[in-house]
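Peer 1: Can you keep this structure in mind? I'll have questions shortly.
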Amino acid sequence: MKVFGFDVSKGHSTVCLMDSGTGKMLKRPFDVRHTLDELDEFYELTKVWDDDCCVVMEATGIYHLPVLSYLVSRKIKVAAVNPFESGLSGISGIISGISGWCRQK
């Protein structure tokens, strides 16, 4: 499964693409502004993998909400994770845990 990791900030996110099976980075980090045009461009990128991808983002108070809403409206599998409450440790634990969740959806 391909996992897009979103590091959400005010007005933009830094995104990377990883293979959850190998942990290999498939696309170098890139920025996506929280505008309809750039979110639409990101959505087109996700279509390459059909149902074999999901998005993981940190729950950041309010900054992640517009992105989360957009992704859910496009039927993209997405998980907003609070690392302090998830019980998952380290990036590999988070990717592994979320990848399992995405496969179930």
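FYI, it's all coordinate maths here, none of it is from the lab. Just so you know, these numbers come straight off a predicted model, no measurement behind them. Quick reminder, even Gly has a Cβ in these numbers, built from the backbone with ideal geometry, and neighbours come from all protein chains shown.
Peer 1: Among 70-82, 2-14, how do they line up by average Cβ neighbours within 10 Å per residue, starting with the highest? Write down the numbers at each step before the final one.
Peer 2: Numbers: 70-82: 16.1, 2-14: 18.0.
Ranking, from highest mean packing down: 2-14, 70-82.
Peer 1: Moving on to the next point. Residue 58's amide H: which non-local residues (gap 5+, or another chain) put their own amide H closer than 5 Å, with H modeled 1.01 Å from N in plane and none for Pro or chain starts?
Peer 2: For residue 58, whose amide H was placed from the backbone, the distant partners under 5 Å are 6, 8, 81.
Peer 1: OK, next. Order 48-60, 28-40 from most to least packed using the mean count of other Cβ atoms within 10 Å. Walk me through the intermediate numbers first.
Peer 2: Values: 48-60: 17.0, 28-40: 12.6.
Highest mean packing first, the order is 48-60, 28-40.
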